[in-house]
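To start, the structure itself, in structure tokens.
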């Protein structure tokens with residue numbers, strides 16, 4: 001799943017630590033989400049989207065479903 | 001594009017107030033007190049039974065403080081702990097069952113089942129699992 005968290009964070013000049021503080025998670029969690037090593041829970045994904053003032057699907061873009069031939 | 005109001009910071013769960021050091025320390029002290037106390041008591045006596053069970057309430061307290069500590073973690077930290085436990089728990093079972101079978105096979109040693117001897121073997125897989133999980137999400 002594609003994540004725009006890093007782009008949105010940098011646009012606001014926030015550090016990973018600042019974003020983590022605002023979300024109430026660890027900096028490692030923010031880093032893992034940005035580097036796509038970890039996909040957040042639905043509630044955290046909604047909290048991230050709310051924080052950036054976006055819809056969740058504008059922050060996390062799911063892969064296109066594979067179509068059978 | 002649909003927008004949501006800006007979120008308030010999510011409050012993190014409160015960590016255990018007992019502290020990560022105090023409760024395990026009290027448990028170890030109670031265990032040592034029971035262990036040395038039992039040496040001077042007649043085996044099978046009521047006093048020996050009470051002294052042997054002395055660390056149990058402290059272990060229950062330790063258990064509660066560990067569960068509270070886990071609840072205070074954020075979701076990624078919880079997943080890391082879960083992955084560490086997924087390595088540690090089956091490994092601990094493997095160690096205990098293998099040690100039991102080796103005992104039956106005649107490979108016995110004095111104090112084989114002593115907790116101080118078994119603890120490193122039980123914690124080693126946990127630390128290994130923790131290191132692997134931390135590396136995975138680093």
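The values are calculated or read from the model by the stated rules, or taken from the named source; none is laboratory data. None of these values were measured; they are calculated from a predicted model. We place every Cβ from the backbone using ideal geometry, glycine too, and count neighbours over all the protein chains shown.
Numbers at a glance
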| read-out | value |
| --- | --- |
| Qualifying residue in the range B:86-97 (condition: farther than 27 Å from residue B:26 by Cα, in a helix (DSSP H, G or I), touching a residue at least 40 places away in the same chain (Cβ under 8 Å) and within 14 Å of another protein chain (Cβ to nearest Cβ)) | no |
| Residue tally, condition closer than 16 Å to residue B:138 by Cα and touching a residue at least 60 places away in the same chain (Cβ under 8 Å), over the range B:52-85 | 2 |
| Any hit, the range B:111-130, residues being part of a helix (DSSP H, G or I) and within 14 Å of chain A (Cβ to nearest Cβ) | yes |
| Residue within the range A:38-49 that is surrounded by fewer than 17 Cβ atoms within 10 Å (Cβ to Cβ), within 9 Å of chain B (Cβ to nearest Cβ) and touching a residue at least 12 places away in the same chain (Cβ under 8 Å) present | no |
| Only listed residue being under 10 Å from the mean Cα position of the chain (by Cα), surrounded by 20 or more Cβ atoms within 10 Å (Cβ to Cβ) and either more than 15 Å from residue B:76 (Cβ to Cβ) or at the interface with another protein chain (Cβ under 10 Å from one of its Cβ atoms) (or both), chosen from A:33, A:61 | A:33 |
| Hey, residue B:32 loosely packed, with under 13 Cβ neighbours inside 10 Å, more than 14 Å from every other protein chain (Cβ to nearest Cβ) and more than 29 Å from residue A:23 (Cα to Cα) or not | yes |
| Residue in the range B:21-37 that is at positive phi, modelled with pLDDT under 90 and assigned to a loop (DSSP other than H, G, I, E, B) present | no |
| Single residue of A:29, A:35 found to be in contact with a strand residue (DSSP E or B) (Cβ under 9 Å, 6 or more places away or on another chain) and closer than 21 Å to residue B:81 by Cβ | A:35 |
